[in-house]
């Protein structure tokens, strides 16, 4: 059995078969809209912003932990390698279950050295990029709202996502 940790769109749209899923956290990691998306949520001309994990020992990122059957592992990882393209690398991290047990899981992280890494920016700049971006998987706005709603439904509090989603909703309403 393999474990895959999802912290972005995998939370609401995994797209692969799994045996079970539960909420888990990745201590020492923070979810941030710091990765550019020139394909799924943007174009090379108008890059969108999607989440990646950033090392931060003062934080812990909660997401969904998927259990994959051994006979599906190769196909699932091949699928995820294609989906998590554009600068993401498959890595193994430690996740903590609600029981307190630590497990090793695979996830995808876009590091600062990749060509699509955008890094930190003001909320205004992040919103500007998100508002105008659309790619093969839909609008960047949709990605942000769906992530925020999926986190809320799972009772996961993520201040960074909440701030971006709240600002986005205000811009959409014209406030």
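A short reminder: the numbers here are calculations on the coordinates, not readings from a lab. Just so we're clear, the structure is a prediction, and the values are computed from it rather than from any experiment. No Cβ is skipped: glycine too gets one built from the backbone with ideal geometry, and neighbour counts run over all protein chains shown.
Each of 66, 33 was scored by other Cβ atoms within 10 Å of its Cβ. Listed from fewest to most, they are 66, 33. Seen from a random direction on average, the alpha-carbon convex hull of the chain projects onto 9.8 square nanometres. Counting every alpha-carbon pair across the range 6-89, the share separated by more than 18 Å comes to 50%. For the range 2-173, the relative contact order comes to 30 percent (Cα pairs under 8 Å, sequence separation of at least 6). Per residue of the chain, the DSSP helices (runs of n ≥ 4 H) give a summed -39500 (n - 2.57) that works out to -9500 deg cm²/dmol at 222 nm.
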